[in-house]
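Have a look at the structure below, then the notes.
The values are calculated or read from the model by the stated rules, or taken from the named source; none is laboratory data. None of the values given here were measured: they were computed from a predicted structure. Virtual Cβ from ideal backbone geometry, glycine too; neighbours counted across all protein chains shown.
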């Protein structure tokens, strides 16, 4: 039994039942271990939750940094970053749901550590928006507000987007990108 199997099963249980309702027995059953044997691999639910959150942020930071280091112009970097993020949210739906909905279940000390890492991730997005503003590709905006709006639109999709629905994840990412980069107004609408 690998720790990654336990974390994957726990993420699924936390997504389905919520952190507080999911039990160590649920996780042990999912990986076909006795509950006592589970404790040979993990310290407890808080340990599991923190490991899931750390893993999710590691993946997201790596994905985003791979886009940031390219020589693409900022608007294309933003488009690629959004595609990457939407892809990650849909491919790893259990992990994404735990990251976005269950971090509040961390104990205060570990929550503070997690929030520092999450803030670092958000700062990378802010820097990307700032890069676009400085290159005169994006209009001057409050980078923090733009980042929260951008991430909020994408984050909320975990509550309503269904794989196999009318849009693929990549089509949805394209729509988000177009809306964010071009807004709702047409050229005629902007002239009014």
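Please go through the range 130-150 and give me each residue that is under 19 Å from the mean Cα position of the chain (by Cα) and surrounded by fewer than 17 Cβ atoms within 10 Å (Cβ to Cβ), ordered by number. Lay out the reasoning, then the answer.
First, pick out the residues of the range 130-150 that are under 19 Å from the mean Cα position of the chain (by Cα): 143-150.
If the condition is that a residue be under 19 Å from the mean Cα position of the chain (by Cα) and surrounded by fewer than 17 Cβ atoms within 10 Å (Cβ to Cβ), then 144, 145, 148, 149 are the ones that fit.
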>> On the basis of being out of contact with any strand residue (DSSP E or B) (no Cβ under 8 Å at 6 or more places or on another chain), surrounded by fewer than 14 Cβ atoms within 10 Å (Cβ to Cβ), part of a loop (DSSP other than H, G, I, E, B) and free of Cβ contacts under 8 Å to residues at least 60 places away in the same chain, does residue 65 make the cut?
In response: no
> at pLDDT 95 or above, within 22 Å of residue 123 (Cβ to Cβ) and not in a loop (DSSP other than H, G, I, E, B) - does that describe any residue in the range 34-50?
Replying inline: yes
> List the pairs whose first member sits in the range 16-29 and is touching a residue at least 24 places away in the same chain (Cβ under 8 Å), whose second member is part of a loop (DSSP other than H, G, I, E, B), and whose Cβ atoms are under 6 Å apart, counting only residues at least 6 apart or on separate chains?
Replying inline: 19/102
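Look at residue 166 and say whether it is more than 29 Å from residue 50 (Cβ to Cβ) and exposed (fewer than 13 other Cβ atoms within 10 Å of the Cβ).
Against the criterion (more than 29 Å from residue 50 (Cβ to Cβ) and exposed (fewer than 13 other Cβ atoms within 10 Å of the Cβ)), residue 166 qualifies.
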> What residue, of 91, 113, 76, is at pLDDT below 95, surrounded by fewer than 17 Cβ atoms within 10 Å (Cβ to Cβ) and under 19 Å from residue 172 (Cβ atoms)?
Replying inline: 91
>> So residue 22 passes all but one of these: (1) under 24 Å from residue 117 (Cα atoms); (2) part of a loop (DSSP other than H, G, I, E, B). Which condition number does it fail?
In response: (1)
> Which residues, counting only those in the range 1-19, are in a loop (DSSP other than H, G, I, E, B), touching a helix residue (DSSP H, G or I) at 6+ places or on another chain (Cβ under 9 Å) and surrounded by fewer than 17 Cβ atoms within 10 Å (Cβ to Cβ)?
Replying inline: 1, 18
> Which ranges mark the helices (runs of 4 or more DSSP H) fully within the range 77-173 that have 1 or more residues being more than 25 Å from residue 16 (Cα to Cα)?
Replying inline: 108-134, 143-156
> With respect to residue 56, is the statement that it is part of a helix (DSSP H, G or I), modelled with pLDDT of 95 or more and within 30 Å of residue 124 (Cα to Cα) true?
Replying inline: yes
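If I go through the range 174-192 residue by residue, how many of them are more than 21 Å from the chain's Cα centre (by Cα) and assigned to a helix (DSSP H, G or I)?
6
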